[in-house]
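This report refers to the structure that appears directly beneath it.
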Amino acid sequence: MLASREEARLISLLPPVHVAVVSRERILSGLDELLSTLPLPAEQTSSMVLITGPSRTADIEQILVRGVHGPGEIHVVIV
């Protein structure tokens, strides 16, 4: 997701569930293909977020905590 005036950075951090509706033609094979399609994202936006699943961190007291940032669930509908 690219941040814009219409979609602020927080849009990817706040919802507990992320539902993506994606056309089959827009699915990429990986990060290499994304960066070849969008080689300089910083020229288009101040923030680019790759939503891959619940966040994980063990920063505090080495205790694993999941889902602090971003959605706890991701559902993808391919059309």
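The values are calculated or read from the model by the stated rules, or taken from the named source; none is laboratory data. Treat the numbers as computed from the prediction; the structure is a model and nothing was measured. Note that each Cβ is placed from the backbone with ideal geometry, even for glycine, and that neighbours are counted across all protein chains shown. Areas reflect the complete protein model, heavy atoms only, side chains present, ligands, DNA and RNA absent. Shrake-Rupley method; radii C 1.70, N 1.55, O 1.52, S 1.80 Å.
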Just need a number here: residues in the range 65-79 that are within 25 Å of residue 26 (Cβ to Cβ) and either of a type in the set (Lys, Arg) or touching a residue at least 60 places away in the same chain (Cβ under 8 Å) (or both). 0
Out of the residues in the range 41-64 that are open to solvent by 60 Å² or more (accessible area, probe 1.4 Å) and among the hydrophobic types (A, V, I, L, M, F, W, C), state the one that is farthest from residue 16 (Cα to Cα). 42
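Every residue, every condition in (1) in contact with a strand residue (DSSP E or B) (Cβ under 6 Å, 6 or more places away or on another chain); (2) open to solvent by 50 Å² or more (accessible area, probe 1.4 Å); (3) modelled with pLDDT of 75 or more, yes or no:
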{"site": "9", "(1), (2), (3)": "no, yes, no"}
{"site": "16", "(1), (2), (3)": "no, yes, yes"}
{"site": "23", "(1), (2), (3)": "no, no, yes"}
{"site": "30", "(1), (2), (3)": "no, no, yes"}
{"site": "39", "(1), (2), (3)": "no, yes, yes"}
{"site": "69", "(1), (2), (3)": "no, yes, no"}
{"site": "73", "(1), (2), (3)": "yes, yes, yes"}
Restricting to the range 41-64, name every residue that is at positive phi, free of Cβ contacts under 8 Å to residues at least 12 places away in the same chain and in contact with a strand residue (DSSP E or B) (Cβ under 9 Å, 6 or more places away or on another chain). none
